[in-house]
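Working notes, structure below.
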Amino acid sequence: MDVTAGPGRVRDRRRWLPRRLVTTAGPCGRPPDRAAEPFGIDETPALGHGGGCAARTGHLTMLGVLLVKGEIYVTTRTDRSVDVVVVGGGPAGSTAATLVAMQGHRVLLLERERFPRYQIGESLLPSTVHGICRLIGADEALERAAFTIKRGGTFRWGANPQPWTFSFGISPRFAGEAATAYQVERMKFDQILLDNARSRGVEVREECDVRDVVAEHGRVVGVRYADASGHEREVRAAYVVDASGHASRLRAHAGTRHYSKFFRNLALFGYFTGGKRLPPPNEGNILAAAFDSGWFWYIPLGPELTSVGAVLLPEALDRIQGDRERALLDLIEECPLIAEQLADAERVRTGPYGEIRIRKDYSYLQDRFWRPGLVLAGDAACFIDPVFSSGVHLATYSAMMAARSINTVLRGEADEAAAFEEFEARYRREYSRFHDFLVAFYDMHQDENSYFWSAKKLTSNTGTELESFVELVGGGGWQEDALLAPGVKGGGRDAAMRQLADIVDQPVRAAGEDRNLLQASLARSVVREGSRLQVQAVMGGNVDEVRPIREGGLIPSADGMHWVRPDS
């Protein structure tokens, strides 16, 4: 509105001006009846001078009004407060929002796009399917979606010319379906998780573009966003969860992002129909094939649709300039195994899968994952090379750790610093496990042109090329010691990585033969936490984690939804 100025007249300046915060009780001071108040956004700006009763009850009302020389200026509309605002509706955002809402807290989720929307990252791990998705109540919807079932991953990797397979046989406790996962079309998978969040009490608002946080006295207290109509709004919350992905605008408020100097690959990818499938029982597996310029992923999303991408060294950037399709086809020809799988296939040219895309800067880590009032989940905090399909696992795992911390503080069971330091320690540890595993996994072709030789020259390390590389990408370049997984340090680090390489390099008797990577300590480490999540989902709560992971740390509560002290 834009009414002529004057005493008692209103003018909408559409700019940010000081606000007054009023805690509202019930009508005329009566206690609020939260159960009677439907959860929703107050569409009416509160006008006045702070006296009397507020128009709405039981919530915080921001008065976006400034009185100057008899004129009332209405600022950008302010929504009433909630307990938690989640930014981003992908797996991390939907999971965090759901787990907090299930504890009775008011959660608003703001998503920039309208679902369904395209997203990369189609290959899941069992911990997401049988752990997190069961905990949030989305497992039955996933089963109805009839996604492609995978029993593991098939690799053409290492010195062997024949492909070998790693199966999800985590332990005898998880046989059959629990030792499988899905290949998913993310447009469908993410929609299922977002709809599930709605059904669990989360208020979801799509086409809402979060522009920045609101901070006061060193604490994040809300966000500013543009709604679907383009109107600027502000909403206050006890906590903001940034789950907006690798392109997050908010992450800088928590710290600085550091990119790996050597896991700085780029990917060129597209979609094909008519591609071949591996022989049973591995027809649903992801196929990862190393070749001279990098490695390929080949993901069967259904009977016909296949996601195909080449992960390349940064030195190969000049090869993908110009005609992307020609570049992708040329790379496919360089990798005979993938070329054979696509011999009778055609590239998809229309719809959301019709574009050939590029993704750069694959591996990075924030130096801090939280600050008072703000927590980073999923790709907003970190991402590691995708060869072992860790992306959605790390996103949903971090969301659960963040939800535990938020639930704990909102219930007054631990102070904020203790709860969120636990979140960060566990998320950082899980990231570091995959990081160390992948450093070893890439250590299959050591020559003077390899990552490792380059690291040795750059660091002037007197040890092995592998040690030089781990020192550099493992934190030596910017003193990020938390990148190194517990138990994989010093001399033991090199031994653990050599152990994995020795298993991979064993002779293959037949294409697709199962390889027991769980004999390697590094491989066991990357499935350990996922196995624990599956146990929690099956047993209905925490049954085996009774010791903290660090001195003075916390452990999951009996229901798995909060943190508690070990002696409680």
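Numbers at a glance
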quantity	calculated
Matching residues, the stretch 337-354, being assigned to a helix (DSSP H, G or I) and either open to solvent by less than 30 Å² (accessible area, probe 1.4 Å) or of a type in the set (D, E, K, R) (or both)	338, 339, 340, 341, 353
Some residue of the stretch 265-276 being basic (Lys, Arg) and either open to solvent by less than 60 Å² (accessible area, probe 1.4 Å) or within 23 Å of the chain's Cα centre (by Cα) (or both)	no
Neighbours by Cβ (under 6 Å, 6+ apart or cross-chain): first from the stretch 90-107, modelled with pLDDT of 95 or more; second acidic (Asp, Glu)	90/190; 105/83; 106/83
Residue match in the stretch 318-336 (condition: at pLDDT below 90, within 28 Å of the chain's Cα centre (by Cα), open to solvent by less than 60 Å² (accessible area, probe 1.4 Å) and over 26 Å from residue 168 (Cβ atoms))	yes
Pair list, Cβ under 7 Å, 6 or more apart: the stretch 339-352 residue without any contact (Cβ under 8 Å) to a residue 12 or more places away in the chain, other residue open to solvent by less than 90 Å² (accessible area, probe 1.4 Å)	339/332
Residue match in the stretch 540-547 (condition: in contact with a strand residue (DSSP E or B) (Cβ under 9 Å, 6 or more places away or on another chain) and touching a residue at least 40 places away in the same chain (Cβ under 8 Å))	no
Number of positions in the stretch 277-296 that are modelled with pLDDT of 90 or more and either within 17 Å of the chain's Cα centre (by Cα) or open to solvent by less than 60 Å² (accessible area, probe 1.4 Å) (or both)	9
Residue ID - surrounded by the most Cβ atoms within 10 Å (Cβ to Cβ), chosen from residues in the stretch 361-381 that are at positive phi and in contact with a Phe, Trp or Tyr (Cβ under 8 Å, 6 or more places away or on another chain)	373
Residues within the stretch 218-234 that are surrounded by fewer than 19 Cβ atoms within 10 Å (Cβ to Cβ) and either of a type in the set (Phe, Trp, Tyr) or without any contact (Cβ under 8 Å) to a residue 40 or more places away in the chain (or both), tallied	5
Every pair of residues 6+ apart whose Cβ atoms lie under 8 Å, when the first sits in the stretch 192-217 and is more than 18 Å from residue 128 (Cα to Cα) and at pLDDT 95 or above while the second is open to solvent by 30 Å² or more (accessible area, probe 1.4 Å) and aromatic (Phe, Trp, Tyr)	201/39; 203/39
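The rows are residues; the columns are (1) open to solvent by 10 Å² or more (accessible area, probe 1.4 Å); (2) charged (D, E, K, R); (3) touching a helix residue (DSSP H, G or I) at 6+ places or on another chain (Cβ under 8 Å).
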{"residue": "179", "(1), (2), (3)": "yes, no, yes"}
{"residue": "190", "(1), (2), (3)": "no, yes, yes"}
{"residue": "194", "(1), (2), (3)": "no, no, yes"}
{"residue": "215", "(1), (2), (3)": "yes, no, yes"}
{"residue": "236", "(1), (2), (3)": "yes, yes, no"}
{"residue": "252", "(1), (2), (3)": "yes, no, no"}
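Residues checked against (1) in a loop (DSSP other than H, G, I, E, B); (2) in contact with a His (Cβ under 7 Å, 6 or more places away or on another chain); (3) more than 13 Å from residue 108 (Cα to Cα):
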residue: 197; (1), (2), (3): no, no, no
residue: 221; (1), (2), (3): no, no, yes
residue: 225; (1), (2), (3): no, no, no
residue: 229; (1), (2), (3): yes, no, yes
residue: 236; (1), (2), (3): no, no, no
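The values are calculated or read from the model by the stated rules, or taken from the named source; none is laboratory data. Fair warning: this is a prediction, and the values are worked out from it, not measured in the lab. So basically every Cβ, Gly included, is an ideal-geometry build from the backbone, and we count neighbours across all protein chains shown. Note: areas computed on protein heavy atoms with side chains; ligands, DNA, RNA excluded. Shrake-Rupley method; radii C 1.70, N 1.55, O 1.52, S 1.80 Å.
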